[in-house]
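The values are calculated or read from the model by the stated rules, or taken from the named source; none is laboratory data. None of the values given here were measured: they were computed from a predicted structure. As a convention, Cβ positions derive from the backbone with ideal geometry for all residues, glycine included, and neighbour counts pool all protein chains shown. For accessibility, only protein heavy atoms count, side chains too; no ligands or nucleic acids. Shrake-Rupley method; radii C 1.70, N 1.55, O 1.52, S 1.80 Å.
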Amino acid sequence: MMAASQLLLRIAIAFVVLFVLARIMGRKEISQMTFFNFVSAIAIGSIAANFAMNSNVSILNGVLALIGWTVFTLTIAFIDIKSKKARKVTTGEPIIVIKEGKVMENSLRSTRLDMDTLNSILRQKGYFSIKDVQYAIFETSGQLSVMPYEHKMPYTKEDASVKSNPYIYPTSTEVISDGVINNMNLSRLNLDTNWLNQQLKNAGVTDASEVFYAEVQKDGTLYIDNIDDNMMH
């Protein structure tokens, strides 16, 4: 069993080494960490914990392991700065999930996001309808950057004096997701599938299965995002 004095010594050494290494590695915030940064931080923490609690690991080996992993992390970070190709492998690239008001479903799947999560993130940023968003980019840090259409930009004092048209509904409501009609939401809006099918027909859509996502806007119009939007156009 490890003596209390030795345990305290190991904890103190691990703390000092981690503090120094953290200062050397930089001040990147948690929200800005890439996947590699996150994994590296967990690994260094695990090494430090094992070093502090495991008497079978000598102090020298523990310190060397911490320094070695830090040097490896810093080397990768340096390569990332110098090489864009390497950065694509270790960090990845931002992914466009909404382009010109349309959801890029293939991109959405590659980010492991679903429509409920995407809508939740957009609401947290103050956008309650995908139709208001011109571009949304999923950053390598896991954050979502949103660029609204110009008319949805924050109001100025001059804009605030302009009266807006009255809305029929308080918020935009999903009625189709992944080609499946949400009958419950239609019912809440006092609408039915006949109305929905007519709106789809007016937009040149023959069947709901062709629609990736659709929502009724606050003014009563229907926003439609078809399946397999082309990223290149």
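Just wondering, is there one or more residues in the range 18-31 that are buried (at least 16 other Cβ atoms within 10 Å of the Cβ), modelled with pLDDT under 75 and out of contact with any strand residue (DSSP E or B) (no Cβ under 9 Å at 6 or more places or on another chain)?
yes
Return a yes/no flag: does the range 97-113 have any residue that is within 25 Å of the chain's Cα centre (by Cα), of a type in the set (Ser, Thr, Tyr) and open to solvent by less than 40 Å² (accessible area, probe 1.4 Å). Don't jump to the end; show me each part of the working.
Initially, the range 97-113 is screened for residues within 25 Å of the chain's Cα centre (by Cα), giving 97-113.
If we keep only those that are of a type in the set (Ser, Thr, Tyr) too, we end up with 107, 110-111.
Checking which are open to solvent by less than 40 Å² (accessible area, probe 1.4 Å) leaves us with 107, 111.
Yes - at least one qualifying residue is present in the range 97-113.
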Scan the range 175-210 residue by residue and report those that are out of contact with any helix residue (DSSP H, G or I) (no Cβ under 7 Å at 6 or more places or on another chain) and either aromatic (Phe, Trp, Tyr) or surrounded by 14 or more Cβ atoms within 10 Å (Cβ to Cβ) (or both). Asn182, Asn185, Leu189, Leu191, Trp195, Asn197, Gln199, Val205, Glu210
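Restricting attention to the range 77-93, and to residues there that are open to solvent by 90 Å² or more (accessible area, probe 1.4 Å) and at pLDDT 80 or above, which single residue is nearest to the chain's Cα centre (by Cα)?
Residues of the range 77-93 that are open to solvent by 90 Å² or more (accessible area, probe 1.4 Å), as a first pass: 78, 81-82, 84-85, 88-89, 93.
Narrowing the set further to residues that are at pLDDT 80 or above leaves 78, 93.
Details: Phe78: 25, Glu93: 12 Å.
Selected residue: Glu93.
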